[in-house]
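The values are calculated or read from the model by the stated rules, or taken from the named source; none is laboratory data. All figures in this text were calculated on a predicted structure; none of them were measured in a lab. Neighbour counts are summed over all protein chains in view; Cβ atoms, including those assigned to glycine, are modelled from backbone coordinates with ideal geometry. Areas reflect the complete protein model, heavy atoms only, side chains present, ligands, DNA and RNA absent. Shrake-Rupley method; radii C 1.70, N 1.55, O 1.52, S 1.80 Å.
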Amino acid sequence: MPSTVAGPEIERLVQLLARLPGLGPRSARRAALHLIRKRETLLQPLVEAMRVAEERIVTCSVCGNVDSRDPCTVCCDERRDPATIVVVESVGDLWALERAGAIQARYHVLGGVLSPLDGVGPSDLNLSALVARVARGGVSEVILAVNATVDGQTTAHYIIDLLSGYPVKATRLAHGVPVGGELDYLDDGTLAAAMRQRTAF
Ligand code: ZN
């Protein structure tokens, strides 16, 4: 049995940190120690930032993004094309697309994908708000930027059916060779999809 080196307060901090994505028990212990050492420059500002986040962060009633305002910063950004809605599974995916500077559009966050095995049905996703946005008019394209998984693609088809009665173009992300990718290293599914979806020079 390893002997305990810290009191329950520190153990609790370590246990909570270990629940963060990407942190195992060892790195959580290292992070806890770092926070304790940097009490004034890191631990206290972090506590304050977390308190403010807990108090102020809400889910956007328009798109499902998280922000400190509702409607969110993305929905209020006048420079974005209101006629294009990018549908994503999660806020993380929205942030990834924004990081890439891929498009100046509005978003819609589903909050997951349809997954019969996990008991996730249409009513568990942010779908009715999407239909309402399209039904209000002014939307010409819905880009289904869902993950290239079976559940992601099932969800995309379900949304296409939902929107079939509206004059809106549904598109999806291309599947193919990543930028800088070498053919020899690609998995068979990606390579086959890239060949099927080849484009003209
Ligand atoms: Zn929003």
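Each Cα pair under 8 Å and six or more residues apart adds its sequence gap; the mean of these over the residue count of the chain is a relative contact order of 13 percent. Taken over the alpha carbons of segment 93-144 as equal point scatterers, the Debye sum produces base-10 log I(q)/I(0) values at 0.19 Å⁻¹ of -0.79. Computed from the C-beta positions of R196 and S90 and an R0 of 35 Å, the FRET efficiency is 0.85 to the nearest 0.05. For segment 8-56, the share of accessible area belonging to carbon and sulfur comes to 59 percent (1.4 Å probe, ligands and nucleic acids excluded). For segment 69-102, GluC sites (Glu not before Pro) are listed when DSSP marks them as loop and at most 14 other Cβ atoms sit within 10 Å of their Cβ; the list is E78.
When Rg and the Kirkwood radius Rh are both evaluated on Cα atoms of the chain, their ratio Rg/Rh stands at 1.07.
Accessible surface computed residue by residue for the chain, with neighbouring protein chains in place and a 1.4 Å probe, gives 68 Å² per residue. Ligands, DNA and RNA left out, the accessible area of segment 66-172 computed with a 1.4 Å probe is 54% carbon and sulfur.
Sorted largest first, the principal axis extents computed over the alpha-carbon atoms of segment 66-172 equal 39, 29, 24 Å.
Across every pair of non-identical alpha carbons in segment 7-83, the mean reciprocal distance, once inverted, gives a Kirkwood radius of 15.0 Å.
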